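*Asks:* Take a look at this one; I'll ask things after.
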Amino acid sequence: MTKQITVCTRCKIPLIRTFLWAYNEYYCINCGRHWGMMGAGDYVKLTPELKAQNEVILRVWKAVRFNLVNRGAYGIDNCKKCAGNYTHRDHLSKSEIRKDKLATSMLKKLIGVWN
């Protein structure tokens, strides 16, 4: 059986599976598009080039994602304030706001890098 990978419909870059945005579990780091779980991108044959490209994209994503705050209504396990009916975005610390702002600007700068 041939292995497949999901790529962006627009730019043919491997998609990232993430839960950063609610109802948009797939993200293209190259063009910034989002998709839900169903019908995300195109399935193509996994080539050595796509595999290598995917590994680089995932490493870059992991470095940026570490400082991003979820965009949906999510709580964080080790946050005392999230124990109630709060989303973590309702009570971000100054440090979290600063890191998220920096990471978000980095994501924007990555748009078009893999063209």
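*Asks:* To the nearest 10 degrees, how steeply does helix 94-110 sit against the main Cα axis of the chain, on a 0 to 90 scale?
*Replies:* Approximately 20 degrees, to the nearest ten.
*Asks:* Give me the dipole magnitude in Debye, nearest 20, for the chain about the Cα centre, with unit charges on the beta carbon: positive for Lys and Arg, negative for Asp and Glu.
*Replies:* Here the chain has a charge dipole of around 300 debye.
*Asks:* Can you count the Lys pairs in the chain with C-alpha separation below 20 Å, eight or more apart or on different chains?
*Replies:* Close lysine pairs found across the chain: 18.
*Asks:* Once fully extended, how much extra length lies between Cys79 and Val56, figured as 0.36 nm per residue of separation less the alpha-carbon to alpha-carbon distance?
*Replies:* 5.1 nm
*Asks:* Would you please give the FRET efficiency between Ala22 and Asn115, computed as 1/(1 + (r/R0)^6) with r the Cβ-Cβ distance and R0 = 30 Å, to the nearest 0.05?
*Replies:* According to the calculation, E is roughly 0.60.
*Asks:* With springs only between Cα atoms under 10 Å apart, run a GNM on the chain and tell me which of Lys80, Lys99, Lys12 wobbles the most.
*Replies:* Lys80
*Asks:* Per-residue ellipticity at 222 nm for the chain, helices alone: DSSP H runs ≥ 4 residues times -39500 (n - 2.57), over residue total, nearest 500 deg cm²/dmol?
*Replies:* Result for the chain: -10500 deg cm²/dmol, rounded to the nearest 500.
*Asks:* Using Cα-Cα distances under 8 Å and only pairs 6 or more residues apart, what relative contact order does the chain have, in percent?
*Replies:* So the answer I get is 26 percent.
*Asks:* By how many degrees, between 0 and 90 and to the nearest 10, does the Cα long axis of helix 48-65 differ from the longest principal axis of the chain?
*Replies:* 10
*Asks:* Note down, for the chain, the three equivalent ellipsoid semi-axes (square root of 5 times each alpha carbon gyration tensor eigenvalue), biggest first, whole angstrom.
*Replies:* Value: 30, 16, 11 Å, ordered largest first.
Each reported figure results from applying straightforward, stated rules to the coordinates on display, with no laboratory input. Keep in mind that what you see is a predicted model, and the values were worked out from it rather than measured. In this analysis, Cβ positions are derived from the backbone assuming ideal geometry, glycine residues included, and neighbour counts consider all displayed protein chains.
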